[in-house]
Structures are given as structure tokens and as C-alpha cells.
1. Name the residue that is nearest to GLY110 (Cα to Cα), counting only residues in the stretch 137-153 that are touching a strand residue (DSSP E or B) at 6+ places or on another chain (Cβ under 6 Å) and among the polar types (S, T, N, Q).
2. Which of the strands (runs of 3 or more DSSP E) contained wholly in the stretch 116-201 include at least 2 residues that are crowded, with 20+ Cβ neighbours inside 10 Å?
3. Name the single residue that is farthest from MET123 (Cα to Cα) among those in the stretch 175-201 being modelled with pLDDT of 95 or more and in contact with a helix residue (DSSP H, G or I) (Cβ under 7 Å, 6 or more places away or on another chain).
4. Keeping to the stretch 56-67, report how many residues are within 19 Å of GLY37 (Cβ to Cβ) and surrounded by fewer than 20 Cβ atoms within 10 Å (Cβ to Cβ).
5. Tell me which residues, restricted to the stretch 68-113, are open to solvent by 70 Å² or more (accessible area, probe 1.4 Å), under 24 Å from ALA190 (Cβ atoms) and hydroxyl-bearing (Ser, Thr, Tyr).
6. Hey, does the stretch 37-45 have a residue that's open to solvent by 40 Å² or more (accessible area, probe 1.4 Å) and at pLDDT below 90?
7. For residues in the stretch 75-115 being part of a loop (DSSP other than H, G, I, E, B) and of a type outside the set (Val, Ile, Thr), which is nearest to LEU172 (Cα to Cα)?
8. Residues of the stretch 47-74 being over 22 Å from the mean Cα position of the chain (by Cα), not in a loop (DSSP other than H, G, I, E, B) and not basic (Lys, Arg), which ones?
Amino acid sequence: MQGTMTSHGRLGIRLLTRPAPISWKIRNTLRWGFIWGWLTTQLAYAFSKITGVPTLLGKLSIRLIKANGEVIDYGVASYRKVTTAFGTFMVDQMQTETSEFGDFKYHDSGVGTTAENAADTAMETTDGESRATGSQTETSALIYKSVGTIPYTTTKAITEHGVFSSAASTTLLDRSVFTAVNVVATDSIAFTYEWTFVAGS
């Protein structure tokens, strides 16, 4: 007696990614801070290209990672604000260089809702989680990019983000405010911050 037995199977891996709720998108993009940030970003590009005067621009994007592996892509959450403190820091670095200049990779998040201001030097209200140490790459020759993922241990509504030069205090590069992204314990948020130097032409 002879016989042949075969089995076939296929295993597929699919990353569960979906866009943010349309209600969040509407609320966030209708904020005056978002509208003004988007508008001034477009004007800054045009101004630099026409006049040759350089400008500095910031952009924050958000992806919520749920405990079950689902990813919710919120897209661009905020434009601007590079701080005066960072501008002062750059001027100081041109005179006396320190290693801090290459350390702007620490991401913090919080629950403050006061609008961004160039005079900001800290988060309004930190959320109690540790800062994430982000990556340091470049989107292009004139765009610095850092991605930092913060895991959360409790339920909270995240409404602000900042990029710093160390894991505690020190210089704030940029602070962003956005419509609340709700998290629960074991969720995490991947923050992508891009700092663009528009050199003009």
C-alpha cells in the first residue's frame, strides 16, 4: 500500500495601520495654531526662495501604537515653533562649540494646552513619563529628523510635545501643541520631528 500526503499553507503578516479619526483631523486642523503654523510655513518657504533670507521651520507628526499592534497615523499634528532659546543657543555655539549641539534628540510629551510661544523654555505640564531618546537622521541635506517613541503607563490625554538636548531640562528646541491624543497603559506614541533649514536661493 502506498500513499502520498501533502499539506499547503500560507502565512501573511500585515501591519494594522489606519488613519486618525476624521473628527480629530477636523478639530486639529481648525485650530488657529495649526492654521497659522501651516500658513507661515508656506510663506517662509516662498520668502526664502524669493529673497534668499534663511528661515528655520519645525514640523511634528504623530503615530499612536496600540498594545495590540495597531497603528493609528495622525499625520502632521503641528507646524512651528522653533524657540528663541534654541536661536540663542546656536549663536553661543558659533562662539564656543559644545557637544550639546548634537544632542537634540530627547522627546517629551505632556498635557498642557497653552499655545506654543517662541519664548517657551519647557513643557507646560509634563505627563510624568520619561523622555524618549530619539533617532537622529536627515530627511534631506537641510532637514534634521528625530523619531522618539514614548510608552505610557497610565491613561491620559497627550496635548503637547517638545524636543530637548538631554533627558532632563536643558535647551528646548521646539514645543508643539495639538488636539488631544488619548492613550492608556501600554500604548505608545511615535513622535517624528523635522527641523528644516530653508537656505533660500
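1. Checked the stretch 137-153; the qualifying residue nearest to GLY110 (Cα to Cα) is THR149.
2. 143-151, 156-164, 172-183, 188-198
3. Looking at residues that are modelled with pLDDT of 95 or more and in contact with a helix residue (DSSP H, G or I) (Cβ under 7 Å, 6 or more places away or on another chain), I get THR179.
4. Summing the residues that are within 19 Å of GLY37 (Cβ to Cβ) and surrounded by fewer than 20 Cβ atoms within 10 Å (Cβ to Cβ) in the stretch 56-67 gives 2.
5. Matches in the stretch 68-113: THR113 only.
6. The answer is yes, given that some residue of the stretch 37-45 is open to solvent by 40 Å² or more (accessible area, probe 1.4 Å) and at pLDDT below 90.
7. PHE104
8. Across the stretch 47-74, the qualifying residues are PHE47, SER48, ILE50, THR51.
The values are calculated or read from the model by the stated rules, or taken from the named source; none is laboratory data. Since this is a predicted model, take the numbers as computed values, not measurements. Virtual Cβ from ideal backbone geometry, glycine too; neighbours counted across all protein chains shown. Protein only, heavy atoms only, side chains kept; ligands, DNA and RNA dropped before computing areas. Shrake-Rupley method; radii C 1.70, N 1.55, O 1.52, S 1.80 Å.
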